[in-house]
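Asker: Handing you a structure now.
The values are calculated or read from the model by the stated rules, or taken from the named source; none is laboratory data. What you see is a predicted model, and the numbers here were worked out from it, not measured in a lab. Backbone-built Cβ (ideal geometry, glycine too); neighbour counts: all protein chains shown. Surface areas here come from the heavy atoms of the whole protein model, side chains and all, with no ligands, DNA or RNA. Shrake-Rupley method; radii C 1.70, N 1.55, O 1.52, S 1.80 Å.
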Amino acid sequence: MSTILLVDDEPQIVEILSSYLQKDGFHVVTAETGNEALEMAASLHPDCIILDLMLPDLGGEEICQKIRSHSRVPILMLTAKSGETDRVHGLEIGADDYLVKPFSPRELVARVRAVLRRAGDYQALTDQVTVGDLYLSFGDKRIRKKDGWLELTPNEYRLLTTLCRYPGRTWSREELVAQVLGYDYDGFDRTIDTHVKNLRHKIEDDPKNPVYIKTVYGFGYRFENPGKN
């Protein structure tokens, strides 16, 4: 049974969402404040976090960033902001999905199942790959650059492993969305650009002149092994 940490300070929303999630077989724990959420995330190690952006003490974006500094747990953000800029910012700071209020509780349950499914897509992989100065251990989902381990979000990890398994292949944005975000993702395909940008900042020495993830203009992206001609 997967544990879901639901972070929201509106009792009616918490009651409704908890009921739907529990009926679908999830174990639900709740937090009303940001500080409580951070404590529970650290102590309980939930399988997924549903995080409202508007909380009485800490903003949801700050909470997301704090959690992302040490954990790759899937995070689903809840917000009243529907603009593309707001959604992109949420993804840039590490959210895995973004649900705008008002929404259907059934949709939320479906989204939770989707992010959990994507997070588990690579659990069976046990092989290891070395590309340039990157070392990827699929078994324990760890990525090392030179002598330091990298902290990647689940989407960044799936993006990197998808690309590096097929060096030289050009992927369209739509293909990467399907591989990284899932075939049931109904957002916009430019979301993948945000994940590529974030990933480049972590794996490239110079993100503006990448050697690993190359842009194929007007189409998508290609991964190259700088150690091979």
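Asker: Kindly evaluate Pro74 against the criterion of being in contact with an Asp or Glu (Cβ under 6 Å, 6 or more places away or on another chain) and either open to solvent by 20 Å² or more (accessible area, probe 1.4 Å) or at pLDDT 85 or above (or both).
Answerer: In short, yes.
Asker: With the requirement that a residue be of a type outside the set (A, V, I, L, M, F, W, C) and surrounded by 15 or more Cβ atoms within 10 Å (Cβ to Cβ), what does segment 36-50 give you? Even if it seems obvious, please write down each step before you answer.
Answerer: Step one: filter segment 36-50 for residues of a type outside the set (A, V, I, L, M, F, W, C), giving 36, 39, 43, 45-47.
Hits for segment 36-50 are Glu36, Pro46, Asp47.
Asker: Let me ask another. Give the residue, chosen from Lys141, Lys101, that is modelled with pLDDT under 85, crowded, with 17+ Cβ neighbours inside 10 Å and among the charged types (D, E, K, R).
Answerer: Numbers: Lys101 fails: crowded, with 17+ Cβ neighbours inside 10 Å.
Only one candidate passes the filter, namely Lys141.
Asker: May I pose another question? Of (1) farther than 16 Å from Leu58 by Cβ; (2) open to solvent by less than 10 Å² (accessible area, probe 1.4 Å); (3) within 20 Å of the chain's Cα centre (by Cα), Ser2 satisfies all except one. Which?
Answerer: (2)
Asker: Could you go through segment 16-29 and let me know if any residue there is over 20 Å from Asp96 (Cα atoms), open to solvent by 10 Å² or more (accessible area, probe 1.4 Å), of a type in the set (Val, Ile, Thr) and in contact (Cβ under 8 Å) with a residue 60 or more places away in the chain.
Answerer: yes
Asker: For residues in segment 165-211 being open to solvent by 20 Å² or more (accessible area, probe 1.4 Å) and among the acidic types (Asp, Glu), which is modelled with the lowest pLDDT?
Answerer: Asp184
Asker: All but one of (1) buried (at least 16 other Cβ atoms within 10 Å of the Cβ); (2) touching a helix residue (DSSP H, G or I) at 6+ places or on another chain (Cβ under 6 Å) hold for Thr79, so report the exception by its number.
Answerer: Of everything listed in (1) buried (at least 16 other Cβ atoms within 10 Å of the Cβ); (2) touching a helix residue (DSSP H, G or I) at 6+ places or on another chain (Cβ under 6 Å), Thr79 misses just condition (2).
Asker: Separate question: Evaluate the following for Thr30: is it farther than 25 Å from Arg190 by Cα and out of contact with any Gly (no Cβ under 6 Å at 6 or more places or on another chain)?
Answerer: On the way: farther than 25 Å from Arg190 by Cα: yes; out of contact with any Gly (no Cβ under 6 Å at 6 or more places or on another chain): yes.
It is true that Thr30 is farther than 25 Å from Arg190 by Cα and out of contact with any Gly (no Cβ under 6 Å at 6 or more places or on another chain).
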